[in-house]
Amino acid sequence: MKNLKYKFILLFALAPLVASAGPLESAGGLDQIAGQTGLIERPITDVIASIVRGLLAVLGTLFVVLIILGGFKWMTSQGNADRIKEAKESIKNATIGLVIVVTSYAIVRFVFDSLLKASTGNTPLNP
């Protein structure tokens, strides 16, 4: 109950600020306000594509690091059969993961390019 009292006080204290904001039309419209924010003005598809490319780059880097760590384990195993087997298994798993990521990227790219070409008749501009 004590926190509820403070929330009501805060609500009533901030109510005049919210009420004085005024309609967006008087400020020049939503497009003008959005332009003044300095945020990106790219289409959402470009933003999503950039995020996917970034995630795939991180995943590719991760798998390459895992392959290097597997090779390091193998080189430092000193002939221990169990450690060699573990290193080979980690290299194999990292390679399979890298192949899955690259294949999924190729499939998604093909599908999106096909949809773009079918819907607009344009081929994609950015690789």
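Computed quantities for the displayed model
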{"item": "Extension reserve of the Ile48-Asn122 stretch, reckoned as 0.36 nm per residue once the Cα distance is removed", "result": "24.7 nm"}
{"item": "Förster radius 35 Å - calculated FRET efficiency between Val111 and Phe72 (Cβ-Cβ, nearest 0.05)", "result": "0.40"}
{"item": "Largest-first principal axis extents, alpha carbons of region 42-127, Å", "result": "60, 21, 14"}
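Read the figures in this text as sums done on the coordinates, not as results from a lab. Fair warning: this is a prediction, and the values are worked out from it, not measured in the lab. No Cβ is skipped: glycine too gets one built from the backbone with ideal geometry, and neighbour counts run over all protein chains shown.
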